[in-house]
Amino acid sequence: MGRIHVLSDQVANQIAAGEVVERPASVVKELLENSLDAGATRIRVEIEAGGRKLIRIVDNGHGMGRDDALLAFERHATSKLRSSDDLLSIATLGFRGEALPSIASVARVTLETRATEDAVGTMLEIAGGNLLRVEDAGLPSGTTIAVRDLFFNTPARRKFLRSEQTELGHVAALVTHYALAHPGKHFELHSATQALLVAPAVANSGERLFQIFGRETFEHLIPVAAELDFSRAGLPEPPPWRRAEDYEPAEPGFIRLTGFVSKPELQKLNRNSIYVFANGRLIRDRLILHAFTEAYRNIIPPTSFPVVLLFLEMPPQEVDVNVHPAKTEVRFRQGSFVHDFVRDSVRTALMNARPAASFFAALNSVPTAASSLMVDVSPLPGIDHPVFTPNGDMQGLVAESESAVEPGDIASFDLRSPVVPQSPGRLSFEGAGMSIGYDEPTSQSIEASFGSIDEPQPTLNSLASLKPLGQLRDSFILATNEEGLWIVDQHVAHERVLFEKILRERKVEQVQRQRLLMPVLIELLPEQMVIFAAIAEELERNGFEAEPFGPRTLAVKATPVGLEGRELERMLEEVLAVTEREQQVENEEARRTRIAASIACHAAIKVNMPLEPAKIDWLLSELGKTEHPTSCPHGRPIALRYSLKDIQRAFQRI
């Protein structure tokens, strides 16, 4: 007998289940995507014991006949592909034909379905991959599938599941974000004890976001809408010898980006709050994550991450979703084009918005590690019916447990004792409301996509109208206008002004420099001399004139205007203090902005420095002219607004 043999279908399906079914949320994802592909407009998800005991999904899609219901549990059986050419333009969420047989091989599955044109439906039961029963049944149009006792025949996999609340949290996050991606459909999520999500169909993504999370979360986000013709990307065409006689170049189509990104004051310590959908599919892509990092560079600290909910739409042939069995990883055909489009669109939205940070919001804007776009799966103390309905009171949108987060968990969800007055660790959006970011809509398409808010909110566009009152401890400028009282950090404000000035002059090669009467000699370590050799050209373009003066000495003969003395030495020490790994992954633009930020920081006005009134007027005027006066290049806030309404409320005038 030979050594090689063919695995049985049951073993093959269990191996596939290891790739497709990681946890109960994976089952919900596959079944939810099948319901969406079936054209369902109402989807109800029921969960018991975090998905271990029961996962039931009910939809009103087109359903299946008896033969299709039986065939659906065969491996690689699908209605969405006919030939290998279809793999080049996949327009559905599911297509591999592995989900149902993989799930059925590790659980007890009951399927009830009826096609719209059939008079009778079909009910079948499968346990561990074995068909137990199939019979006709009187059923409504659509499909109901129940998955019980997940991993009952693979106890090793069941042992690695997290707590019930953690698994329920993953399911809640998944259903919530698919509800956000499909605002025109009705979604419900129910656990054994409460309704976690009830979201009727609405007109657009903005209304859905407002519906689920309320106005306060909505006002912490900035809408993004952009569109670009793919013809600018220079799409490749087949060579002449592979073109048919009737060949005509395909229409390149468009790439569209809609969604929301957070204001700089809302920051996270990890990437768990970044959600991207490509053609309606929730994806994880390093290319897109890097685009967000670049868009927020010099706006938030490099160790913090934004909250992002964005939807990418492009021709199906431009994105390959057949990369991973779980279908969460994709590959873009024009990767660099998509990266630059996302980066520039988000960056432009941030620049146009210029959101004004509220004084109260800044006090509570400590970066957290949990996700913010997630419904809470823990019942609120003192609330009898924690049902999330449109325009409901959404106190505490995020469950951020104080206990340690297990590796791989998005957030930890722990039931709390009813005597606790408030669910601990929740992200509370308190204080005055803030602007969506636009004084005037940039286009009708943005207003059509996201709707509009009731009243315009102040932004940093009003900085030019500030009237300075004086300085606080010679460090903070107090100013006022019709919107309220403003507090401006004079150091970071001047830092932002200098940073953009340096980049602007560096771009046109008109950097102003000052020659030193005597060269400044700076002692460096051997590794710092190596780094200096790598960045010497960039330093010269920023106004430096320096050269080695011995094996470990640097002679500086000229510097940018305003940089001198001890600050010059600190600045050079800072730009040369990078690790070898950081130097390898740092691109030219990142190096340019890092050096410019360091020069601006050390040349800027310091704290505890008294300023003449004319100097204060000049600083506020120049700050108002910058592209992004929200934060300094290192991510610290520049100006905080104590609004007139807050003042009136504090004095009990309103």
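The values are calculated or read from the model by the stated rules, or taken from the named source; none is laboratory data. Predicted, not measured: the structure shown is a model, and the values here were computed from it. Here the Cβ positions follow ideal geometry from the backbone for every residue, glycine too, while neighbour counts run over all protein chains shown. When the accessible area is computed, the model is the full protein with side chains, heavy atoms only, and any ligands, DNA or RNA have been set aside. Shrake-Rupley method; radii C 1.70, N 1.55, O 1.52, S 1.80 Å.
Among the residues of the range 479-517, those identified as within 20 Å of E588 (Cβ to Cβ), assigned to a helix (DSSP H, G or I) and not charged (D, E, K, R) are F499, I502, L503.
The criterion of at least 3 residues that are over 27 Å from the mean Cα position of the chain (by Cα) is met by the following strands (runs of 3 or more DSSP E) wholly inside the range 125-200: 130-137, 142-148.
From the list G214, G253, pick out the single residue that is of a type outside the set (A, V, I, L, M, F, W, C) and touching a helix residue (DSSP H, G or I) at 6+ places or on another chain (Cβ under 6 Å). Can you show your working first?
On the way: G214 fails: touching a helix residue (DSSP H, G or I) at 6+ places or on another chain (Cβ under 6 Å).
That would be G253, the only listed residue that is of a type outside the set (A, V, I, L, M, F, W, C) and touching a helix residue (DSSP H, G or I) at 6+ places or on another chain (Cβ under 6 Å).
Of everything in the range 146-167, what is open to solvent by 10 Å² or more (accessible area, probe 1.4 Å) and not polar (S, T, N, Q)? Give them in sequence order.
So in the range 146-167, the residues open to solvent by 10 Å² or more (accessible area, probe 1.4 Å) come out as 148-149, 152-165.
Once the filter is applied, which keeps residues that are open to solvent by 10 Å² or more (accessible area, probe 1.4 Å) and not polar (S, T, N, Q), the range 146-167 yields R148, D149, F152, P155, A156, R157, R158, K159, F160, L161, R162, E164.
Across the range 228-240, the qualifying residues are those that are modelled with pLDDT under 85 and not in a helix (DSSP H, G or I), and the one among them that is most open to solvent (accessible area, probe 1.4 Å) is E237. I'd like to check something: does the range 233-247 contain any residue that is in contact (Cβ under 8 Å) with a residue 12 or more places away in the chain and basic (K, R)? No, that holds for no residue. Per this entry, V261 is counted among residues that are closer than 30 Å to V492 by Cα and either in a strand (DSSP E or B) or free of Cβ contacts under 8 Å to residues at least 24 places away in the same chain (or both).
In the range 519-538, the residues that are in a loop (DSSP other than H, G, I, E, B) reach residues that are open to solvent by 70 Å² or more (accessible area, probe 1.4 Å) with C-beta atoms within less than 7 angstrom, at least six apart or across chains, in these pairs: L524/R552. Which of (1) open to solvent by 40 Å² or more (accessible area, probe 1.4 Å); (2) at pLDDT below 90; (3) closer than 24 Å to V342 by Cβ; (4) not basic (K, R) is the odd one out, the single condition F213 does not satisfy? So the condition that F213 fails would be (1). Taking the conditions (1) more than 27 Å from the chain's Cα centre (by Cα); (2) modelled with pLDDT under 90 in turn, E19 satisfies each one other than (1).
Okay, residues lined up against (1) in contact with a helix residue (DSSP H, G or I) (Cβ under 7 Å, 6 or more places away or on another chain); (2) at negative phi; (3) surrounded by fewer than 22 Cβ atoms within 10 Å (Cβ to Cβ); (4) at pLDDT 80 or above:
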{"position": "S8", "(1), (2), (3), (4)": "no, yes, yes, yes"}
{"position": "R44", "(1), (2), (3), (4)": "no, yes, yes, yes"}
{"position": "G50", "(1), (2), (3), (4)": "yes, no, no, yes"}
{"position": "R66", "(1), (2), (3), (4)": "no, yes, yes, yes"}
{"position": "L70", "(1), (2), (3), (4)": "no, yes, yes, yes"}
{"position": "R82", "(1), (2), (3), (4)": "no, yes, yes, no"}
{"position": "L100", "(1), (2), (3), (4)": "no, yes, no, yes"}
{"position": "I103", "(1), (2), (3), (4)": "yes, yes, no, yes"}
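Over 20 Å from L503 (Cβ atoms) and either modelled with pLDDT of 90 or more or not in a helix (DSSP H, G or I) (or both): is that true of L611 in this structure? Here the answer is yes, as L611 does meet what is asked. Annotation: G206 fulfils all but one of (1) among the small types (G, A, S); (2) closer than 25 Å to F337 by Cα; (3) outside any loop (DSSP other than H, G, I, E, B); the unmet one is (2).
Determine which member of the set A432, A493 is modelled with pLDDT under 80, within 24 Å of I222 (Cβ to Cβ) and open to solvent by less than 50 Å² (accessible area, probe 1.4 Å).
On the way: A493 fails: modelled with pLDDT under 80.
Exactly one residue qualifies, and that residue is A432.
Of the listed requirements (1) open to solvent by less than 30 Å² (accessible area, probe 1.4 Å); (2) of a type in the set (K, R); (3) modelled with pLDDT under 90, K507 misses just one: (1). Can you go through E74, E22 and tell me which one is within 18 Å of E125 (Cβ to Cβ) and either touching a helix residue (DSSP H, G or I) at 6+ places or on another chain (Cβ under 7 Å) or surrounded by fewer than 19 Cβ atoms within 10 Å (Cβ to Cβ) (or both)? Being within 18 Å of E125 (Cβ to Cβ) and either touching a helix residue (DSSP H, G or I) at 6+ places or on another chain (Cβ under 7 Å) or surrounded by fewer than 19 Cβ atoms within 10 Å (Cβ to Cβ) (or both) holds for just one of E74, E22, which is E74. Of all residues in the range 592-606, none are over 30 Å from E537 (Cα atoms), basic (K, R), at pLDDT 85 or above and assigned to a helix (DSSP H, G or I). Quickly run through the range 106-140 and pick out the residues that are of a type in the set (G, A, S) and open to solvent by 40 Å² or more (accessible area, probe 1.4 Å). Within the range 106-140, A119, G129, G138 qualify. If you go through the range 548-568 and pick out every residue that is under 13 Å from L516 (Cβ atoms) and open to solvent by 60 Å² or more (accessible area, probe 1.4 Å), you end up with 3. The set of residues from the range 329-352 being closer than 15 Å to A91 by Cα and either among the aromatic types (F, W, Y) or surrounded by fewer than 18 Cβ atoms within 10 Å (Cβ to Cβ) (or both) comprises R331, F332.
Within the range 42-62, is there a residue that is part of a loop (DSSP other than H, G, I, E, B) and either over 34 Å from the mean Cα position of the chain (by Cα) or among the aromatic types (F, W, Y) (or both)? Spell out the reasoning first.
Step one: of the range 42-62, the residues part of a loop (DSSP other than H, G, I, E, B) are 52-53, 60-62.
Okay, now just the ones that are also either over 34 Å from the mean Cα position of the chain (by Cα) or among the aromatic types (F, W, Y) (or both), so none.
No, the range 42-62 has no match at all.
All conditions in (1) over 17 Å from V175 (Cα atoms); (2) in a helix (DSSP H, G or I); (3) free of Cβ contacts under 8 Å to residues at least 60 places away in the same chain hold for T217, with the sole exception of (3).
Does Y296 satisfy the criteria of being among the hydroxyl-bearing types (S, T, Y) and farther than 30 Å from F499 by Cα?
On the way: among the hydroxyl-bearing types (S, T, Y): yes; farther than 30 Å from F499 by Cα: no.
Taking the combined requirement at face value, the residue does not satisfy it.
Output yes when any residue across the range 295-314 is at pLDDT 75 or above, open to solvent by 20 Å² or more (accessible area, probe 1.4 Å) and assigned to a helix (DSSP H, G or I), and no when none is. There is no residue in the range 295-314 that is at pLDDT 75 or above, open to solvent by 20 Å² or more (accessible area, probe 1.4 Å) and assigned to a helix (DSSP H, G or I). Scanning the range 182-210 for residues being open to solvent by 20 Å² or more (accessible area, probe 1.4 Å) and of a type in the set (A, V, I, L, M, F, W, C) gives a total of 6. Surrounded by fewer than 19 Cβ atoms within 10 Å (Cβ to Cβ), assigned to a loop (DSSP other than H, G, I, E, B) and within 30 Å of the chain's Cα centre (by Cα) - does that describe any residue in the range 241-251? No, there is no match, as no residue in the range 241-251 is surrounded by fewer than 19 Cβ atoms within 10 Å (Cβ to Cβ), assigned to a loop (DSSP other than H, G, I, E, B) and within 30 Å of the chain's Cα centre (by Cα).
Being touching a Leu at 6+ places or on another chain (Cβ under 9 Å), closer than 22 Å to E216 by Cα and either among the polar types (S, T, N, Q) or open to solvent by less than 10 Å² (accessible area, probe 1.4 Å) (or both), is that true of even one residue in the range 284-291? Give the derivation first.
Taking the range 284-291 and keeping what is touching a Leu at 6+ places or on another chain (Cβ under 9 Å), we get 288.
When the remaining residues are screened for being closer than 22 Å to E216 by Cα, the result is none.
Scanning the range 284-291, I find no residue that is touching a Leu at 6+ places or on another chain (Cβ under 9 Å), closer than 22 Å to E216 by Cα and either among the polar types (S, T, N, Q) or open to solvent by less than 10 Å² (accessible area, probe 1.4 Å) (or both), so the answer is no.
Would you pick out the residues in the range 252-265 that are under 13 Å from the mean Cα position of the chain (by Cα) and either open to solvent by 20 Å² or more (accessible area, probe 1.4 Å) or aromatic (F, W, Y) (or both)? Result: T258, F260. Within the range 625-654, restricting attention to residues that are of a type in the set (G, A, S), touching a residue at least 12 places away in the same chain (Cβ under 8 Å) and more than 15 Å from L498 (Cβ to Cβ), the residue that is surrounded by the fewest Cβ atoms within 10 Å (Cβ to Cβ) is G635.
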